[in-house]
Structure formats: structure tokens, C-alpha cells
Amino acid sequence: MSANVPLAPAPEAPPEIRAAQEERLRKVWTTPSGWRYWTSVNNTEIGLWYGAAAFIFMLFAGLLGLMVRVQLAVPENTFISADLFNQAFTLHGTIMMFLFAVPIFEAVAIYLLPSMLGTRELPFPRLSAFGFWSFALGGVFVCGSIFFNAAPNTGWFMYPPLATDKEYSGIGADIWLLGLSFIEVASIAAAVELIVGIMKCRAPGMRINLMPLFAWYLLIVAGMILFAFPPLIAGDILFEMERMFDWPFFDAARGGDPLLWQHLFWIFGHPEVYIIFLPAIAIMAMVVPTFSQRPIVGYSWIVLAAVGTGFLSFGLWVHHMFATGLPQMSLAFFSAASEAVAIPTGVQIFVFIATMLAGRVIFSVPMLFGAGGLAIFIIGGLTGVMVALVPFDWQAHDTYFIVAHLHYVLIGGMLFPVVAGIYYYYPLLDGKKLSDRLGKIAFWLMFTGFNTAFFPMHFAGLRGMPRRVFTYPADVGWDWFNMISTIGAFIFAAGVGLVVIDVVRPKKKQPRCPENPWNAGTLEFIGSPDEKWGVRSVPVIHSRYPVWDQKDLVENISAGRYFLPDSQSGQRETLVTTVLDARPVQCLRVGGTSVVTIVAALSLGGVFIALTFHWWLVTIACAVITLGAILYWLWTGTATIPESDDYDVGMGVRLPVYASGPDSVGWWAMFITMVGDGTAYASLIFGYFFYWTIHDDFTGGHAGPGVFWPMVALTLFVIAWGAMLAARSLNAHDRPRLTQAALGVAALLSLGGCAAGLAGPFAYEMDPTLYVYPAIVWVVAIWTVVHGAVGIIMQLYCLARSLTGRMTARYDMDIDNVVLYWHFMVITAVTSFGVLGLFPLVR
Amino acid sequence: MRWIKEIETFWTLFTAPTVWALHFLVCYVAVAVYCAKQGALAMSFETMRWLLGGITVAALAVIVLSAWLAWRQWGFGTEVPPHDAPTQDDRRKFQGFATLLLSGLSFVSVLYVTVPLFFIGACQS
Ligand code: HEM
Ligand SMILES: [Cu+2]
């Protein structure tokens with residue numbers, strides 16, 4: 001069902017009705033006070049906390065960076081010990097990449113997207129809150145480790161065998177692996193939220209050719225997260241199994257291979273740099289048109305660049321491994337793709353330049369940071385093209401030249417645009433602008449400081465200074481470069497400090513600026529900082545720059561003349577629209593304020609932290625609490641049967657409140673999550689075959705799981721899947737008893753499948769610590785069985801929903817989503833047990 | 001090519017880049033496995049280069065087809081961008097144009113990745 005959208009706003013309601021509407025909206029969207037403030041799930045609060053936390057982590061990492069620079073200022077320095085130095089640079093890189101660069105964009109996206117898309121909320125506000133709390137806890141855990149002299153100390157990419165050596169790396173490596181895995185979960189949660197939000201929750205009329213470019217970029221970035229983070233999670237699992245239980249995945253003596261970690265890390269790591277870079281460019285794609293006072297030139301070209309970069313960035317990872325002795329042809333493929341990615345990157349820069357040339361540029365502080373950042377980024381891009389050439393990289397690899405390259409791209413491509421964004425969007429917080437004067441001074445300090453600090457590193461690197469050395473002798477000709485770098489670093493830090501001062505200085509006396517202070521054409525500035533409802537009414541959009549082109553838009557929105565001007569149900573509501581043309585199809589009730597997200601995040605954090613210290617009982621207790629919290633969250637907050645089937649959303653349109661299957665946002669969320677999950681699984685299977693390629697006999701003469709048990713497991717899972725299909729169809733035909741029976745049978749079959757899945761490796765007494773083959777077999781089997789167990793919980797959940805009348809033929813979202821899960825489950829089971837049982841025979 | 005119906009979906013945008021990704025993956029995996037297992041295989045490096053060359057031609061053909069469909073969706077360029085009207089027609093033209101651009105990029109990128117096939121004649125020299 002979908003409604004035709006009336007183009008003109010509805011007639012204005014009389015003032016007393018409007019006041020009553022506003023009263024109701026305010027009540028529904030209110031943020032609690034006192035300690036309960038922290039239970040808020042509103043996108044503006046979550047976005048703000050997320051951003052503030054990421055920024056604070058960044059400042060902390062910055063201090064560590066300064067420590068590193070002080071130590072290197074002069075030769076033979078003894079400012080800090082070698083070990084503390086190792087912890088400092090490892091934590092510096094780790095925090096900057098995982099706790100600042102990625103989360104800050106999630107923060108900005110959660111904060112801005114609803115208003116930019118002209119809507120009230122993202123579809124899963126509680127998921128955002130859950131992500132934030134996970135991130136905050138994981139971040140504090142990782143950062144705090146250095147105060148106990150227990151920080152990771154093997155570099156931000158944790159190469160084995162150094163990082164698997166317990167003597168050397170201590171508990172730091174576990175903190176890295178578990179703390180960051182936890183944060184990766186949060187990132188994937190954010191990706192789900194953003195993809196569904198951008199595709200399904202735009203304002204009516206905002207067709208994909210009218211979508212703000214920021215949303216285009218974020219859509220691509222969220223998709224990249226889905227394919228980039230899971231390989232790292234798979235790698236983390238292998239790594240942690242090696243550290244905790246001595247399974248030899250990366251131990252060459254027992255058939256393992258450290259290179260597998262490098263592959264998994266960089267399949268994540270290179271896309272990661274674009275996951276960081278694209279959102280920053282997305283901010284520029286909003287800022288540049290505003291200050292050129294004209295639409296962007298080449299909208300489609302930006303879409304080309306965003307999508308193109310998103311894809312190509314997955315073909316580059318081996319350029320971090322040029323020196324590892326891979327076949328030259330392989331190196332050449334990656335070198336070629338690394339050069340190709342310069343094309344879309346260049347396109348974006350030319351689009352910005354063209355837009356500025358075509359308009360009349362106002363050189364405000366955000367533009368200053370934006371343009372300065374781009375200039376820096378271009379230098380980094382040029383050195384990137386250089387190191388993407390294999391012979392050059394063999395010279396530059398692991399020297400300060402790389403350090404210079406990566407800081408030019410990261411600071412120019414991400415930090416400067418983020419600061420531009422802070423100056424640009426700050427008025428959204430409390431209606432005040434940051435200081436122009438301080439901003440300009442800060443910019444020049446940062447710009448000159450940065451170049452002073454990092455340009456000389458190119459020369460230090462070319463003169464052979466390796467990265468990650470804690471000191472160096474005086475007579476090799478590196479001392480002056482290092483001294484200059486350290487001075488530059490402090491100038492740069494002074495600039496950052498000035499930005500911080502500008503943000504936190506009291507602004508009580510400063511007068512408010514106009515609501516749309518820069519005269520932007522897109523919708524971010526239409527909300528008022530005093531109201532929590534986002535937009536007063538959800539507008540109908542028919543332009544890329546609606547504020548410029550649609551007459552009286554802002555007045556009509558505030559007068560409540562568009563959709564959802566009221567909340568009669570007393571619940572938080574937003575619209576769901578179609579993917580291509582944004583026709584409204586559903587009125588979605590989203591979750592409100594709740595502690596359950598905090599409980600779930602903290603207990604899940606407990607699982608990871610307890611694992612670090614091998615507190616097994618605490619781990620189990622926390623896992624049980626997490627499961628309980630999530631089930632409670634789903635049971636009380638999702639697939640609720642509405643009081644009536646269709647609902648007045650204003651403008652004379654009525655829409656359904658409940659949707660299931662591909663029409664529902666929940667189905668999409670499940671689908672997207674499972675794509676991410678499937679990617680992690682594919683990475684494990686990649687590992688299995690990787691070991692096959694590097695050995696003549698990859699079993700190393702050890703017994704496999706046999707054929708019988710894997711085939712039993714495979715068959716049982718396939719039948720269980722069939723039972724789920726039957727259950728869904730019976731439910732659709734309104735046969736609740738039979739549905740329940742089918743669900744029960746499916747659960748029993750799955751239980752059998754899980755047992756049979758483990759029986760194979762068990763029966764043949766495969767010892768995972770002896771050799772890598774038994775270890776990888778166990779990992780694949782356990783992965784599959786754990787997914788089977790989750791599948792059983794879902795089956796029982798549906799059973800309970802059906803028994804309590806919460807799931808019926810008409811209201812069948814739960815079973816649709818669970819069957820979707822089972823589609824993925826059956827693919828996993830067939831692949832796993834097929835490979836484990838049969839591949840040893842056919843190889 | 002009337003026989004290919006126009007499909008109304010978001011996903012066609014990604015056709016050409018996906019072909020690029022598959023082509024890249026096939027080339028990478030083929031070489032990696034070949035070079036790891038060369039002892040066990042009765043195939044020369046030369047043959048593998050030709051095979052990958054054939055796959056490259058196929059990939060390019062699919063990309064050209066996707067480009068042609070996109071060109072058609074764009075109305076063969078009868079109207080120029082920006083395609084920013086709030087109509088279904090302009091939305092389609094926008095999709096067509098963006099897909100066409102992506103096909104171009106993917107075509108060039110496949111060629112980039114093919115260059116090593118011409119110049120490198122052994123696993124390790
Ligand atoms: C044209 C674009 C780019 C190319 C061709 C390129 C190429 C490279 C290469 C070949 C290396 C590895 C050098 C070595 O370790 O020997 C490298 C390192 C790195 N690049 Fe880039 N790069 C590009 C853009 C970027 C961007 C946009 C970012 C981030 C926003 C980035 C971040 C990094 C980082 C973090 C490292 C260092 C990783 C490490 O070893 O710790 N690069 N780049
Ligand atoms: Cu890279």
C-alpha cells in the first residue's frame with residue numbers, strides 16, 4: 001500500500017489545535033531529566049554524546065602522540081622507556097582509528113541524518129543508544145589500560161608473531177582484540193541503522209535523485225562497514241583463540257601462517273581508510289554548496305565517486321603487504337587497483353573546485369578548514385600513488401615516509417573536514433556560532449603546525465628512519481628533521497587546543513544567531529535547538545535544496561502543515577517511504593527512552609572484559625544477562641500489535657502502522673546484519689582454504705571430522721529450515737497450533753544438527769592445539785553451531801509469541817524475520833558441513 | 001535489445017562495479033592458487049594468462065552491456081543533467097546517468113587490473 005503524496009501543504013490548523021498538538025509532541029519526545037537523562041535514545045542526545053566521547057578520545061590520543069614526539073625530538077632521549085613508547089604509539093594509532101575516526105562519523109550521521117532527510121528519527125533509536133554505550137565502555141577500557149601499564153604495545157595492526165607472543169605483549173593484546181571487537185559490533189549496529197534509515201525513512205518526495213549528498217556518502221560507507229569490519233572480527237576470533245587456548249592459527253611451527261592475519265586485517269584496514277575519508281568528504285559536499293551559494297556542480301559525478309571508491313577500496317589491501325613475498329602478479333593487481341582508485345578520488349576534488357568556481361565563494365572558517373584540508377589531502381594522495389608502486393614501496397615501507405603519507409591523508413582528509421563540520425554545525429547545538437577570530441587563528445596554527453610536523457618526515461623516511469623506533473643515534477642525519485617535527489607537533493596541538501577552547505567557552509552572553517545561520521539549502525537547520533521532536537511536521541520534498549527552492553517551506557513545517565503534525569497514539573512516530581521514489585507507506589512507531597539498551601550494552605561489555613581476564617563465570621553471567629536484556633527489549637519493543645490497522649498521518653492520508661516481510665524495517669535490519677555476519681563467516685572459510693593453499697597436505701596428517709557426522713548435521717539443518725518454511729506458511733494460513741508444532745519440531749531438529757555438528761571433530765579426537773587443521777575445523781564447526789543455537793532461540797521466541805497471541809496470521813513480522821535468518825543459516829550449515837566433510841576427500 | 005526489460009530497482013547501479021569486483025577476485029584467486037600449487041597443476045602460466053584474458057573479455061562485455069542499458073535508461077542522452085526534478089522520469093534518468101558513469105569507471109578499472117597480465121610471465125622472477 002502506498003499513498004500518493006499531495007504536493008501542497010494542508011491548510012493551517014487553528015492556533016489552539018496547534019498548541020495542543022505541540023503539547024502532545026513535546027510530551028512524547030521529551031528527554032527525561034536527572035540521572036534518567038542518560039536513558040535517552042533521542043538522536044540528538046546520542047549523536048552529541050557519541051561525538052563528544054570520540055572527541056575526548058581523540059584528545060587523549062593526541063597527548064600520547066605528543067609524548068611520542070617529545071621522546072623523538074633529540075637522539076638518545078630517555079624521556080620515556082622503550083616499552084612505554086611502544087604502548088604510547090600503539091594506543092595512539094588504535095584510538096585515532098577505532099575510537100575517533102570511525103565513531104565520529106557515526107556520531108555526526110546519527111545527529112544530522114534525521115533532520116537532513118526531513119524526518120523525525122532513524123528507524124532504530126535504541127540500537128543507536130546501544131551502539132553508543134558499547135562504544136563508550138569499550139573505549140574507556142582500551143584507553144584506561146595504559147594507566148595500568150597494560151596497553152597493547154605491538155602497533156595498531158597487531159602483527160603476529162610479535163602480538164601472539166604472550167611474554168612480550170602481555171594482556172595488552174587481549175585488551176586490543178576484545179575491546180575493539182566490542183566496538184566493531186557497535187559500528188555494525190550503526191551501519192544497520194544508517195542503511196535502513198537512508199533507504200526507507202526519507203521525507204516523502206525525496207527521491208533518490210534528490211537525496212542530500214551526505215546521505216549518499218553515508219549509505220556507501222555503511223555498506224562498506226558491512227563488508228570491511230566482519231573480516232577483522234573473524235581475524236580477532238582466530239587471534240583470540242590462539243592467545244587464549246593456544247590454537248595455532250598464526251604459528252608457522254604448527255602449520256599456521258602470520259600472513260593470514262595480515263590479509264584479514266588489511267581487507268578491513270584499507271577500506272577502513274575510505275570509511276574514514278568518505279564521510280569527511282560528505283561534510284564538505286554539504287559545506288561547499290552553502291558557501292558557494294549554489295547547487296553542487298555534478299551531483300551524479302559525486303555519486304559515481306562515492307560508489308566507485310567504495311568498491312575499488314576493497315581491491316587495495318595487499319598494497320600494505322608488498323614486502324611479504326607474494327607472487328609478483330598478485331602485487332601488480334593490487335598496485336593497479338590502487339592507482340585506479342585515484343580516479344574517483346580526483347573526481348570529487350574537481351567537483352568541489354568546479355562548484356566553487358561557478359559560485360561566489362564566501363571564505364568563512366568552515367571553508368578555510370575544508371580547503372586547507374583538501375590541499376593537505378592532495379599531497380597525501382600523491383605520496384599514496386607513489387607508495388602504491390611496488391618498487392618504490394620496497395624502499396619506503398616501514399619508514400617515516402609512510403608515517404608522513406598516512407598523516408597527510410588522515411589529517412587532511414578527515415580531521416580538517418571534521419573541524420570544518422564542527423564550525424559549520426555548532427549552531428545546531430544551542431543556536432550560537434563559534435568565534436570567527438579564534439577559528440581563523442586555530443586554522444593557521446593547525447595548518448602550519450601540521451606541515452612543519454609532518455613534511456620533514458618524508459625526508460627522515462627517505463634517509464632510512466624506520467617507524468616505531470623509540471630512539472636513534474645522533475650521527476645518522478635524522479636529528480634536525482625530528483626536532484622540527486616535534487616543534488610543529490606542538491604548534492598543531494595549540495591549534496587543536498584553541499578549537500577546544502572555542503567549543504567549551506561559556507556563550508551565555510553571546511546573542512543567538514539566525515536559525516539557518518549560513519543560509520544552507522538543505523534541511524539540517526530547520527529544527528529548533530529547543531525542541532526534541534526533530535521536525536514539527538514531516539515535509540514533502542521536491543528539490544535537492546528545498547530550503548532555497550520551496551517557498552515558505554520552513555514556515556509550513558513549523559506550522560505543522562505537513563505529515564505527522566501530532567502524536568495521537570502517544571508514541572514516537574516517523575514515516576517509512578519507498579526506496580526509489582519516497583512514497584509514504586507506513587507510519588513507524590520507534591522505541592523511546594529506555595534503560596534496557598544500557599543494560600544490554602554494559603552486560604555485553606562485561607562479557608568481553610571478563611574474557612580478557614579469563615573470568616569464566618563472570619563471562620557466563622554477563623552473557624546470560626545480555627541475552628535476557630535483548631530478549632526483553634525485543635519482546636516489549638518490537639512487532640507490537642497496534643490498536644488499529646491504519647492511522648491518520650495528516651494531510652488526509654492514512655497509513656498502516658504494522659508491516660512485515662520486506663516491507664518492514666525490521667526485515668531489512670535482519671537482512672543487513674546477516675550480510676555482515678555472512679562476510680565474517682566467509683572470512684573463516686577463506687582461512688580454511690588459505691591453509692589448503694600453503695601446504696601440500698593441509699591436514700598435516702591429522703584426522704578430519706569424517707564424512708558421516710558432518711552429513712548428518714547438514715541434513716538435520718536442511719530439514720529444520722524446511723520446517724521453518726512450513727511454520728511460516730502455516731502461520732500465514734492462520735493455523736496457530738500447527739505453526740507451533742512446526743516450530744517445536746524445527747527447534748528439536750536444530751538441536752540435533754548442533755550436536756551432530758560437534759560430534760564429527762569430537763569423535764575423531766581432533767586436538768586443536770596440535771596443528772592448524774584441527775583448529776580451523778573446530779572453529780568452523782563451532783561458528784556454525786553457535787549460529788544454530790541462536791536459530792533455536794529465535795524459533796522458541798516465535799513459539800512463545802504465537803502462544804501468547806503476539807504473533808498471528810496478520811501480524812507475522814517475527815516469523816518472517818526468523819525465516820530470513822534461517823535462509824542464511826541453511827547456507828552456512830550446508831557450506832560448513834559440506835566443506836568440512838567432503839573437501840578432504842576431493843582435494 | 002528490446003528483449004531486456006527495464007527493471008525498476010536501486011541495485012542496477014552496482015552492476016558494473018560488482019563485475020569489476022568479481023573479475024578482480026577471480027584474477028587474484030586464480031594467480032594465488034596457481035602460484036601456491038604450481039607443482040600439482042598440469043597447466044602453464046601462459047595458459048592461465050590466456051584464461052584470465054578470456055575472463056577479462058567476458059567481464060568487459062558485461063560492463064558494456066550494463067552501460068548500454070544505462071544509456072537507454074538515461075534516454076540516450078537526449079536530456080542533460082542535473083536531473084533534479086521531482087519526477088519519476090528524472091529519477092530514472094539520474095539512475096541511468098549515474099550507472100553509465102559507473103560503467104565507465106569499472107571498464108577502465110578492469111583494464112587497469114589487466115595490465116599485469118601482459119607484462120608478468122611467471123610467479124616470481
Ligand atoms: C590514492 C589513494 C591512496 C593510495 C594509493 C594509498 C596507498 C598506500 C600504501 C601503498 C600504503 C602502504 C605503505 C607501506 O606500508 O609500505 C599506505 C599506507 C597507509 N595509508 Fe594510504 N593510500 C591512499 C589513500 C589513503 C587514504 C585516503 C587514507 C586515509 C584516510 C590512507 C591511510 C593510510 C594508512 C593509515 C596507512 C598506513 C597503514 C599502516 O601501515 O599503519 N591512505 N597507503
Ligand atoms: Cu591502503
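The values are calculated or read from the model by the stated rules, or taken from the named source; none is laboratory data. The structure presented is a predicted model; accordingly, all values stated were derived computationally and were not measured. FYI the Cβ positions are ideal-geometry reconstructions off the backbone, even for glycines, and counts take in every protein chain you see. These accessible areas exclude ligands, DNA and RNA; they are computed on the full protein's heavy atoms, side chains included. Shrake-Rupley method; radii C 1.70, N 1.55, O 1.52, S 1.80 Å.
Numbers below:
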read-out	value
Helices (runs of 4 or more DSSP H) within region A:341-399 that include 1 or more residues within 14 Å of chain B (Cβ to nearest Cβ) and more than 16 Å from ligand 1 (Cβ to nearest atom)	A:342-358
So A:Leu264, is it touching a residue at least 60 places away in the same chain (Cβ under 8 Å) and either farther than 27 Å from B:Val33 by Cα or within 16 Å of ligand 2 (Cβ to nearest atom) (or both)	yes
Qualifying residue in region A:307-318 (condition: more than 8 Å from chain B (Cβ to nearest Cβ), in a helix (DSSP H, G or I), away from ligand 2 (no atom under 11 Å from the Cβ) and surrounded by fewer than 21 Cβ atoms within 10 Å (Cβ to Cβ))	no
Verdict on A:Ala305 being free of Cβ contacts under 8 Å to residues at least 40 places away in the same chain, within 14 Å of ligand 1 (Cβ to nearest atom) and among the aliphatic types (A, V, I, L, M)	no
Lone qualifier among A:Gly269, A:Gly325, A:Gly256 - being outside the structural domain of A:Gly700 (by TED's automatic domain parsing) and either more than 16 Å from ligand 1 (Cβ to nearest atom) or of a type in the set (Asp, Glu) (or both)	A:Gly256
Scan of region A:112-126 for residues that are surrounded by 24 or more Cβ atoms within 10 Å (Cβ to Cβ) and in a helix (DSSP H, G or I), ordered by number	A:Leu112, A:Leu113, A:Pro114, A:Met116, A:Pro125
Count - residues of region A:319-331 that are away from ligand 2 (no atom under 16 Å from the Cβ) and open to solvent by 10 Å² or more (accessible area, probe 1.4 Å)	3
Sole residue being modelled with pLDDT of 90 or more and either open to solvent by 10 Å² or more (accessible area, probe 1.4 Å) or within 23 Å of A:Ile302 (Cβ to Cβ) (or both), chosen from B:Ser125, B:Ser106	B:Ser106
Single unsatisfied condition, A:Arg468 versus (1) part of a loop (DSSP other than H, G, I, E, B); (2) under 30 Å from A:Leu523 (Cβ atoms); (3) of a type outside the set (Phe, Trp, Tyr)	(2)
Residue in region A:407-414 that is farther than 19 Å from A:Ser335 by Cα, in contact (Cβ under 8 Å) with a residue 60 or more places away in the chain and within 14 Å of ligand 2 (Cβ to nearest atom) present	yes
Region A:805-842, residues that are in a loop (DSSP other than H, G, I, E, B) and either at pLDDT 95 or above or not assigned by TED's automatic domain parsing to the domain that holds A:Arg735 (or both)	none
Residue list for region B:77-107, filter: within 7 Å of another protein chain (Cβ to nearest Cβ) and among the aliphatic types (A, V, I, L, M)	B:Ala98, B:Leu101, B:Leu102, B:Leu105
The lone exception for A:Trp301 - which of (1) open to solvent by less than 10 Å² (accessible area, probe 1.4 Å); (2) more than 30 Å from B:Lys37 (Cβ to Cβ) it fails	(1)
Among residues of region B:109-120, those that are facing chain A (nearest Cβ under 7 Å) and in a helix (DSSP H, G or I), counted	5
Count - residues of region B:10-29 that are open to solvent by 30 Å² or more (accessible area, probe 1.4 Å) and more than 8 Å from chain A (Cβ to nearest Cβ)	7
Yes/no for A:Met286 being open to solvent by less than 20 Å² (accessible area, probe 1.4 Å), modelled with pLDDT under 90 and of a type outside the set (S, T, N, Q)	no
Meets criteria (more than 16 Å from ligand 2 (Cβ to nearest atom), assigned by TED's automatic domain parsing to the domain that holds A:Val108, surrounded by fewer than 24 Cβ atoms within 10 Å (Cβ to Cβ) and not aliphatic (A, V, I, L, M)) for A:Gly170	yes
Any hit, region A:601-624, residues being closer than 30 Å to A:Val657 by Cα and open to solvent by 20 Å² or more (accessible area, probe 1.4 Å)	no
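For every residue, the table says whether it meets (1) open to solvent by less than 30 Å² (accessible area, probe 1.4 Å); (2) part of a helix (DSSP H, G or I).
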| site | (1), (2) |
| --- | --- |
| A:Phe79 | no, no |
| A:Met96 | no, yes |
| A:Phe100 | yes, yes |
| A:Phe105 | yes, yes |
